[in-house]
Amino acid sequence: MTHPVDYAHRERSRFYDELWDFLRIPSVSAKSEHNGDTERAAEWVRAQLSQAGLRTETIATPGHPVVLGEWRDAGPEAPTVLIYGHYDVQPPEPLELWDSPPFEPAIRDGRIYARGSADDKGQLFLHIKALEAHLATRGRLPVNVVVLAEGEEEVGSPNLVPFVKAHRERLAAETVVISDSAMFAPGVPSLLFSLRGLAYFEIHAQGPRSDLHSGAYGGAIPNPANALSRVISTLHDETGRIAIEGFYDDIEPPSPETLEGIRSLPFDAEAYAAQVGTIPAGGESAYSPLERLWTRPSCDVNGMLSGYTGEGAKTVLPANAMAKVSFRLVPGQSPVRVKELLEEHLAKVAPAGVDLTLVELHGGRPWRAKLEGPLFEAASRALERSFGARPVLAGEGGTIPIVGEFEEILGANSLLLGFALPGANMHAPNEWFATDCFERGIDTLIHLYDELAQGGNSG
Ligand code: BES
Ligand code: MN
Ligand code: MN
């Protein structure tokens, strides 16, 4: 009988062709002009899962549809694994910074360049192909599987919590497996011990009724752009700590073993600086860069809008200003509480003559892994077989909003094993996914099922 890994190697060029079809669909969830494309991507995933041998269904939501694929013939005694991924992508702009068009995938230097190649279409595709390889060669899987692919992750998964609640029974699983993150370094696979959460706001500052002549009024009438800059500057102190009262109170610090693990990881500050183009001098100076990225919250201005930004000079005192400000949160913190604290803070620092309003955009809870159990062991062995190295435990600064909810609503543990590489340009121009990680990623996920079968079928 053909081994599933041999099957995957034999079918590799078709897998690439199929991935290309997937990556060509501009499923930008944030833009309604792409609603048809996003729908098409959902149907593409459904058809792939169906062709792999799963029972499939596309379920409408108030936003983009959820695609489910189910294979439940391992029997009621066998555990159930829920595989989660997203078929939507971030907007590709600015287009002029791409070396090849974002929705025309191209291979250069062992990298697949396309929007969504790493985040997350390429990684969702790995799971579909691993399932296909098993079902095509053996006709079965050692565990029951439910695949859930959503199309709204990049806009904060606004409809997924109600969906998971409404389909609680159907989605019931011991473990959730997600590939939507990165390896620690090339050749060094990682399993995540945490994700940060997110609380995202707009702060609006309103001053005079309309724009004014900055000579006729400037100096007497408060300027909302100046005022908002001052407000933003109160969010941190000079050591990089967030200066909102009570902000750090609820944090549940990582275990000593986790901190020890972080310290044992090689962090090459120079290589990091070279990759990013500047030094990691932000945030709390009392913590190392990896500690800051993975175990400490952060606060960043994501965008600002005010006044005249066109060519040349215009002496204007703008009537209003707006900043998009987001916080990354760590375990113990919640988006709801952070909003309350920020409201209290703004009330304290609001300048006279300028009205501040806070608008909540989206949020997501932080997540911390429970790092034991057969699935965790199976994943470590599977990664070792395909990458020739045991995984390291790593944190992640980004957010996958639904992960904390899976735990809360389904009582399931999550296993996050991602195959992107650092510097993959997720959300940026020239996003890429290494062909080596693509190929080994499929092998890993195939091995995962074998390892699970050997591990006595307990998840
Ligand atoms: N896949 C990312 C999360 C991620 C980023 C994991 C980098 C590992 C490395 C996910 O698609 C994402 O971008 N999440 C957003 C959430 C937001 C849109 C609610 C994020 O972190 O900004
Ligand atoms: Mn993602
Ligand atoms: Mn993303």
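What is the Cα convex hull volume of region 1-131 when expressed per residue in Å³?
Working: hull volume 15.8 nm³, N = 131.
Hull volume over Cα atoms, normalised by residue count, gives 121 Å³.
Which FRET efficiency value, to the nearest 0.05, is calculated for LYS314 and LEU95 with the Förster distance at 35 angstrom and r the Cβ-Cβ distance? Plugging the Cβ-Cβ distance into 1/(1 + (r/R0)^6) gives 0.75. Amide H contacts of LEU212: LEU317, ALA319, each under 5 Å away and 5 or more positions distant or on a separate chain (H built 1.01 Å from N in the peptide plane; Pro and chain starts excluded). Distance between the pseudo-spin-label points of LEU358 and LEU305 (7 Å out from Cα toward the beta carbon): 2.1 nm. Remark: the ALA350-ASP21 segment gains 113.3 nm on full extension, using 0.36 nm per residue and subtracting the alpha carbon distance. Here region 1-153 is treated with +1 on each Lys and Arg Cβ and -1 on each Asp and Glu Cβ, and its dipole about the Cα centre works out to around 600 debye. Which of the three applies to region 83-205, rounded, prolate or oblate, going by the alpha-carbon gyration tensor with a ≥ b ≥ c and a/c under 1.5 meaning rounded? Taking the square roots of the gyration eigenvalues as a ≥ b ≥ c, region 83-205 is oblate.
Distances between placed amide hydrogens fall under 5 Å for VAL330 paired with GLY197, all partners being 5 or more residues away or on another chain. Between ALA286 and ARG390, the modelled label-to-label distance comes to 3.3 nm, taking each label 7 Å out from Cα in the direction of the beta carbon.
Residue separation of THR58 and GLU372 scaled by 0.36 nm, minus their Cα-Cα distance, works out to 109.7 nm of gained length. The relative contact order of the chain comes to 26 percent, based on Cα pairs under 8 Å that sit 6 or more residues apart. One chain, two ends: GLN275 and ALA243. Fully extended at 0.36 nm per residue, the span grows by 8.5 nm beyond their Cα-Cα distance.
Using just its DSSP H runs of length 4 or more, each adding -39500 (n - 2.57), the chain gives a mean residue ellipticity at 222 nm of -10000 deg cm²/dmol after division by all residues.
Here the simple spin-label model places points 7 Å from the Cα toward Cβ, and for THR2 and ASP250 these points are separated by 5.2 nm. In this structure, the amide hydrogen of SER29, modeled 1.01 Å from its nitrogen in the peptide plane, lies closer than 5 angstrom to those of VAL89, counting only residues at least 5 positions away or on a different chain.
The distance from the alpha carbon centre of region 150-193 to that of region 405-459 is 10 Å, rounded to a whole number. With a 1.4 Å probe rolled over the protein heavy atoms of all chains, the accessible area of MET322, MET304 falls in the order MET304, MET322, largest first. Over the chain, the alpha carbon radius of gyration divided by the compact-protein estimate 2.2 N^0.38 Å works out to 1.04.
Calculate how many DSSP beta bridges within the chain are antiparallel, expressed in % of all such bridges and rounded to the nearest 5.
Values: 49 of 70 bridges.
Taking every DSSP beta bridge with both residues in the chain, the antiparallel ones total about 70 percent.
Once whole DSSP H runs in the chain are found, which of them have Cα atoms spread over 18 Å or more along the helix axis and a mean Kyte-Doolittle score of at least -1.0?
On the way: long enough: 35-52 (26 Å, -0.98); 121-138 (26 Å, 0.06); 335-349 (21 Å, -0.12); 374-387 (19 Å, -0.04); 435-454 (29 Å, -0.22).
Taking the DSSP H segments of the chain (at least 18 Å long, mean hydropathy at least -1.0), we get 35-52, 121-138, 335-349, 374-387, 435-454.
With a threshold of 30 Å on the Cα-Cα distance, the over-threshold entries among LYS129/LYS324; LYS165/LYS348; LYS314/LYS339; LYS31/LYS370; LYS324/LYS348 are LYS129/LYS324; LYS165/LYS348; LYS314/LYS339; LYS31/LYS370.
The values are calculated or read from the model by the stated rules, or taken from the named source; none is laboratory data. As the structure is a prediction and not an experimental result, all values here were calculated from the model. Please note: Cβ atoms are built from the backbone with ideal geometry, for glycine as well, and neighbour counts cover all protein chains shown. Side chains included, ligands, DNA and RNA excluded: accessible areas come from the protein's heavy atoms. Shrake-Rupley method; radii C 1.70, N 1.55, O 1.52, S 1.80 Å.
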